[in-house]
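Structure record follows, encoded as structure tokens.
The values are calculated or read from the model by the stated rules, or taken from the named source; none is laboratory data. Predicted model, so just to flag it, every value in this text is computed and none were measured. Note that we place each Cβ from the backbone using ideal geometry, even for glycine, and neighbour counts take in every protein chain shown. Remember, those area values only see protein heavy atoms, side chains included, never the ligands or the DNA or RNA. Shrake-Rupley method; radii C 1.70, N 1.55, O 1.52, S 1.80 Å.
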Amino acid sequence: MAAAAGVAALVLAKRKPRNSGGRVSFVTSSRGPRVVGRYLVKLSARAGVPIEITSWTRTPEAQARAMLAKVDRGENLADLYQNKAAIRALMDAPRNVASWADIIDAWTQSGQPLSRHLDGYGTDIRTRNLRPDQIARLIAAAATMGGRPTLESDHLHIGWPRA
């Protein structure tokens, strides 16, 4: 079922909506819920900006790798994630993928996923190819659509509402 939904999202997201000009391309092979594919097409059309998705659904291991990379770049995880208790647990644990993935998985299983990527409702959009005004339009459009945009050091993360 998840694979079929992922393929449907890819097909939907690559389809150019009539009258809107929304364009979405994928750098990642991961996909998520079809409704997120619709959000992405609408986002591109509303902002008037073609977008490249660099990350969508992640396993706990992939999330651990992404978060460890942020720590290695000197980013403060407490500034990026709302679940401060989970961040404290990660920072107190050994800094390796297996340890962090176990903690991330436990929080997810408890119904408190650390990142929207873990349930397919988080997407990362490449920003290095965008001008500041284009990024601002994406942020504003995502917010009007119910998304929670966060501009990070090398991408725009958007957490989408569950439909």
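Numbers at a glance
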quantity	calculated
Residues within the stretch 109-124 that are open to solvent by 20 Å² or more (accessible area, probe 1.4 Å) and under 19 Å from Arg34 (Cα atoms), tallied	4
Residues within the stretch 125-147 that are out of contact with any helix residue (DSSP H, G or I) (no Cβ under 8 Å at 6 or more places or on another chain) and either assigned to a helix (DSSP H, G or I) or within 25 Å of Arg38 (Cβ to Cβ) (or both), tallied	9
Residue that is in a helix (DSSP H, G or I), farther than 20 Å from Ser25 by Cα, open to solvent by 30 Å² or more (accessible area, probe 1.4 Å) and in contact (Cβ under 8 Å) with a residue 12 or more places away in the chain, where the choices are Ala64, Ala89	Ala89
Any hit, the stretch 74-85, residues being free of Cβ contacts under 8 Å to residues at least 60 places away in the same chain, under 21 Å from Arg23 (Cβ atoms), assigned to a loop (DSSP other than H, G, I, E, B) and not hydrophobic (A, V, I, L, M, F, W, C)	no
Some residue of the stretch 142-158 being among the hydroxyl-bearing types (Ser, Thr, Tyr) and either open to solvent by 60 Å² or more (accessible area, probe 1.4 Å) or in contact with a Lys or Arg (Cβ under 8 Å, 6 or more places away or on another chain) (or both)	yes
